[in-house]
Amino acid sequence: MKRALLKYMLTLSLGINLGSSVEDNINNEQIENGKYESFSEAKDSSIICEQCKQNEIINTKQEVVTTQIHSEINEAIDNKNPIDLGEEEQNISTTQQENLLNNIQKTQLSAIPSYRKQLVQIVETNSLKQVWQELDKCHIIDENTLAVLDIDQTILKSEEITISPQYQEQWKRLEEVFETKYPQYVTLRDFYIDIFRKEHKEILTESIWKEFIHNLKSRGAKVLVVTAIMNDYLVNEDLEPTETMWVELRHKQLNDAIDNKEQTITNVFGENLPSSFWLKEKLKSPYYFNGILTTQPWTKDQALFELLSYWGKWGDWHPNKFIAIDDQDYNLANFTTLSLGTEMTFIGYKFTRANDIPYGYEFDPKRGFFQQMYLVKNKRWLNDEEADKMLKTCSDEEKQKLEELVKLYNEKQNSNKKNKKSKHCQQYS
């Protein structure tokens, strides 16, 4: 196992193959000829087409093995034990072993295959300037480069702590309590959510995003923005669809945040190719709109693979270098699988800058309930600052309602903590 571990680390860190076995040798013509109609079907069958010289189809189901590998990595680091190299690899020093271990531990991405044949690199950073300096230094940006940028918690961060990612569980319970007292919120939920989408405040995680994107484009790279949302039409108070799609609104919000004077995010296909389309079935698949790709109900790598197939047919463009900036490990892990299947060099950045930007307020369930009450009554979303000011002048009746809601919320919170503690005790009893 330790011998396999070193092979895994060398393959990932040095970009070489030390003889990992290939379990499935199926010519990629089987995909081209229709045996597998899509990437998702091939992936569900646990195979990905690697369009390398050997035209191999490689089984990528490595979760159990890689979990064991990470366990052994952590054990070796904790105990500072040298890894048994065997006779073939005695020329690798202990220092090199430790460096390899540290590189792997930094990524913690179990989906990276152990038989990489092209370069894969994943770096965690909170500096966009550092990202550009590294990309510039390795001369990877040119007309054959695809740059994929995430939106939420990567380019943009919400200013509202009430609905911030670290308080998702609290917000969910807050909504559950609110729905028991305000049934109209349940009935018109989609309408209220669309109001929030239009009116909540967001900020750039870095002021240099415009410069960064323009630098990519100036060197010929194609810049695509992806977001894990399900595109649909916004609805009115009668829950009838309007003429505006959610992705159209998101496109405007993003460009306004980066630079409200010009369009930074534009159609990557060029003037002669479609600027918007559904990848598969209308309203049930990812949607492309002028440089933004919504990916739900698929994963980001599946949606991007499908988009690249369109791109190849329409624009005859096949990138050989792939850069991704995202705040989630699992998205970067999935992108490594995509780069394997398309023989692209991949550099991924786990971008954590959003975590370093403090919110202006602490999480407060009373403020959250007041924001929801105001939304239902006035059909307008109050940001945290507005809600905090208005809380001080609300009526006695509103104060009483808020106290009742907060009491129910606290009871639900305490009950949830007890249930978690009980399950934990049962697990280790």
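The values are calculated or read from the model by the stated rules, or taken from the named source; none is laboratory data. Keep in mind that this is a model prediction, so the values were computed, not measured. All Cβ positions, even for glycine, are placed from backbone atoms using ideal geometry, and neighbour counts span all protein chains on display.
Observations on the model:
- The residues of the stretch 290-304 that are touching a strand residue (DSSP E or B) at 6+ places or on another chain (Cβ under 8 Å) and either charged (D, E, K, R) or buried (at least 20 other Cβ atoms within 10 Å of the Cβ) (or both), listed by number, are Gly291, Ile292, Leu293, Thr294, Thr295, Lys300, Ala303, Leu304.
- Filter pass, Val148 being more than 15 Å from Gln328 (Cβ to Cβ), outside any loop (DSSP other than H, G, I, E, B) and either among the hydroxyl-bearing types (Ser, Thr, Tyr) or in contact (Cβ under 8 Å) with a residue 60 or more places away in the chain (or both): no
- Answer from Leu307, Leu332 - the residue that is surrounded by fewer than 23 Cβ atoms within 10 Å (Cβ to Cβ), in a helix (DSSP H, G or I) and among the hydrophobic types (A, V, I, L, M, F, W, C): Leu307
- The criterion of at least 2 residues that are at negative phi and surrounded by 19 or more Cβ atoms within 10 Å (Cβ to Cβ) is met, among strands (runs of 3 or more DSSP E) falling completely within the stretch 206-268, by 222-227.
- Some residue of the stretch 151-158 being in contact with a Lys or Arg (Cβ under 9 Å, 6 or more places away or on another chain), touching a residue at least 12 places away in the same chain (Cβ under 8 Å), closer than 19 Å to Ala257 by Cβ and of a type in the set (Gly, Ala, Ser): yes
- With respect to (1) within 22 Å of Asp316 (Cβ to Cβ); (2) in contact with a strand residue (DSSP E or B) (Cβ under 7 Å, 6 or more places away or on another chain), the lone exception for Ile265 is condition (1).
- Filtering the stretch 232-268 to residues that are touching a Lys or Arg at 6+ places or on another chain (Cβ under 9 Å) and under 22 Å from Thr299 (Cα atoms) leaves Trp246, Leu249, Arg250, Val268.
- Within the stretch 359-399, considering residues that are of a type in the set (D, E, K, R) and not in a helix (DSSP H, G or I), the one surrounded by the most Cβ atoms within 10 Å (Cβ to Cβ): Asp364
- Single match in Leu340, Leu402 (criterion: among the hydrophobic types (A, V, I, L, M, F, W, C) and either out of contact with any helix residue (DSSP H, G or I) (no Cβ under 6 Å at 6 or more places or on another chain) or in the same structural domain as Asp238 (by TED's automatic domain parsing) (or both)): Leu340
- Positions within the stretch 304-356 being polar (S, T, N, Q) and modelled with pLDDT under 80, in sequence order: Thr342
- Selection from the stretch 166-221 of residues that are under 30 Å from Pro319 (Cβ atoms), of a type outside the set (A, V, I, L, M, F, W, C) and in contact with a helix residue (DSSP H, G or I) (Cβ under 8 Å, 6 or more places away or on another chain): Glu202, Thr205, Glu206, Lys210, Asn215
- Filter pass, Trp246 being of a type in the set (Phe, Trp, Tyr), within 23 Å of Glu160 (Cβ to Cβ) and in contact (Cβ under 8 Å) with a residue 60 or more places away in the chain: no
- Filtered residue count, the stretch 176-205, keeping only those that are in contact (Cβ under 8 Å) with a residue 12 or more places away in the chain, part of a helix (DSSP H, G or I) and basic (Lys, Arg): 3
- Filtered by the rule that a residue be closer than 21 Å to Asp356 by Cα and either surrounded by fewer than 15 Cβ atoms within 10 Å (Cβ to Cβ) or modelled with pLDDT under 90 (or both), the stretch 124-157 gives Glu124, Lys129, Gln130, Gln133.
- With respect to (1) farther than 30 Å from Leu119 by Cα; (2) part of a strand (DSSP E or B); (3) of a type outside the set (Lys, Arg), the lone exception for Val406 is condition (2).
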